[in-house]
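The values are calculated or read from the model by the stated rules, or taken from the named source; none is laboratory data. Only a predicted model underlies this, so the values are computations on that prediction, with no experimental measurement involved. Note that we place each Cβ from the backbone using ideal geometry, even for glycine, and neighbour counts take in every protein chain shown. Remember, those area values only see protein heavy atoms, side chains included, never the ligands or the DNA or RNA. Shrake-Rupley method; radii C 1.70, N 1.55, O 1.52, S 1.80 Å.
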Amino acid sequence: MTGILVLDKPEGMTSFSAVKKVRWCVREKKAGHAGTLDPMATGVLPVMLGGATRFLEFFPDEGKEYIASFRLGIRTDTLDITGTVLEERPVTCGRSDVEAVLGTFRGEIFQVPPMYSALKKDGVRLYDLARQGIEVEREARPVTIRSLELLPDEGTNTNEYRIAVSCSKGTYIRTLVDDIGNALGCGAVMTALRRTATCGFTLDNAVSVEELEQAREEGGAENFLIPLDRALERFPEVTVSEKQAIRFHNGGSLSLSRIERFRREPAPAQLAIYRIYGPSRDFLGLGETDSVTGDMLVRRIYSGR
């Protein structure tokens, strides 16, 4: 079974366990996910199934969006509410102060990755070192915060806030919250995180574990799968002849001058990726134009498995 299933990952489940659950529900052994979510986080987790795992690199890594909740006046070792409390401070700032400080975090900023992360230092995961009580120096890295907005109040705790974040790959929302708390002078800790978009998928595409389990019992879990070529619609399409389809499927390049689309319009001057279809609308894979050689090169062949 090949396709993409977008899971609305529940709180308390690791990304590995989430993929295992999806594999069981759709009865597919080969699976992998895009963009790890911590156990406390919920939301969009794209799971590539079957032959779709070979196309992971072609899904956009940018455009990650989150809704995060945080509490002022506290700091923990993990930078979220699940960690050990390191410090509590009085909170003397209000909503207007929080809103004002957010402006300093929009655009390109530098972040120091948290110790509780999957990054490696000398081949060892940082979270493994952190669990041993070891803290190592980490270099600040540039990330981009495209938008950062304070959301309406929820609940009665005046020291709790929610933000909507759109950011680049590699951004740690826990670190962003910690930096906001430090800028306010009282510290802050993330209390909840929900990913609302990644890899071109949103919550509108997502299915819950409960819905997936019910569909498995009814024999319809595959109905939640997004076809691979539909998930790659950001790339334009090209239809080739039967002979060209056979050549492409066997790994051979195609002459752009012999492809119908490029007889009607000029081929792009820069490298460009296309979805390749046979004459019967069967998806063959992804090709890339080469203006120097005048060929459509094979980038990835779709085998259906």
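Details
- For the range 294-305, filtering for residues that are over 13 Å from residue 253 (Cβ atoms) and surrounded by fewer than 17 Cβ atoms within 10 Å (Cβ to Cβ) leaves 3.
- Restricting the first member to the range 279-305 and to residues that are on the phi > 0 side of the Ramachandran plot, and the second to residues that are part of a strand (DSSP E or B) and open to solvent by less than 40 Å² (accessible area, probe 1.4 Å), the beta-carbon pairs closer than 6 Å and six or more apart or on different chains are 285/276.
- Residue in the range 147-154 that is among the charged types (D, E, K, R), buried (at least 18 other Cβ atoms within 10 Å of the Cβ) and modelled with pLDDT of 95 or more present: no
- Pick from the range 182-195, criterion buried (at least 16 other Cβ atoms within 10 Å of the Cβ) and assigned to a helix (DSSP H, G or I), ranking: nearest to the chain's Cα centre (by Cα): 183
- Among the candidates 177, 165, the residue that is hydrophobic (A, V, I, L, M, F, W, C), assigned to a helix (DSSP H, G or I), open to solvent by less than 50 Å² (accessible area, probe 1.4 Å) and modelled with pLDDT of 95 or more is uniquely 177.
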